[in-house]
1. Tell me which residues, restricted to the stretch 113-138, are open to solvent by 10 Å² or more (accessible area, probe 1.4 Å), touching a residue at least 24 places away in the same chain (Cβ under 8 Å) and within 10 Å of PHE86 (Cα to Cα).
2. Tell me the residue from TYR29, TYR46 that is open to solvent by 60 Å² or more (accessible area, probe 1.4 Å) and out of contact with any Cys (no Cβ under 8 Å at 6 or more places or on another chain), please.
3. Considering (1) surrounded by fewer than 18 Cβ atoms within 10 Å (Cβ to Cβ); (2) closer than 18 Å to VAL84 by Cβ, say which one PHE63 fails and leave the rest.
4. Could you grab the pairs with beta carbons closer than 8 Å, sequence gap of 6+ or different chains, first residue in the stretch 71-92 and open to solvent by 30 Å² or more (accessible area, probe 1.4 Å), second one among the basic types (Lys, Arg) and assigned to a helix (DSSP H, G or I)?
Amino acid sequence: MVLASMVSMIFRVAEIAFAAIVAGLTGKYLHATEGTSAWNQGRFIYTEVVAGLSIILALIWLFPFSSSFIHWPADFLMSIMWFVAFGLMVSWLNGSCGYVFNWSGISLDGTATCSEWKANVAFAFLSAICWLVSALIGIWWVRRHTTPVDTTGTYRRRRWYRSRV
């Protein structure tokens, strides 16, 4: 239980950090293209919304209570949303910056837009993986801590006093 809580907290912190990076890079682009049609910026608006939802949900679920494991369907849904954002950004790049995961030629001077987009794509992918692992931890925890239902259909009456069996 303690190990699962610690691992869950580590993944929640990583989810917050990755979502903040994606929100910052995407927000910088949206600010630079202010005034263009929202239809042209739909994929980036979607990515920004997913990043914002990720930050909010990861902050709420950061603290390790047993109830933080039972919402694994929401973790799985967030993972799917991140994979969609990842795909939308890869599709937008369309090879204009070279292969998406080719990290040669990365510079940190702030002028290389391909470097920023590759970082944005990479952190979106990492966030999707973190949300997926959080969902898998939640599934494991729920399956481990729930009791199986008796499917035999027999009804057994409980005694009113303690049994010494």
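The values are calculated or read from the model by the stated rules, or taken from the named source; none is laboratory data. If you're wondering where the values come from, they're calculated on a predicted model, not measured in any experiment. Positions of Cβ are backbone-derived with ideal geometry, glycine not excepted, and every protein chain shown enters the neighbour counts. Ligands, DNA and RNA are stripped out before the accessible areas are found, and what is left, the full protein with its side chains, is counted by its heavy atoms. Shrake-Rupley method; radii C 1.70, N 1.55, O 1.52, S 1.80 Å.
1. Listed by number, the residues that qualify are PHE123, PHE125, LEU126.
2. Checking each option against the conditions leaves just TYR46.
3. It is condition (2) that PHE63 fails.
4. Close Cβ pairs satisfying both conditions: LEU88/ARG43; SER91/ARG43; TRP92/ARG43.
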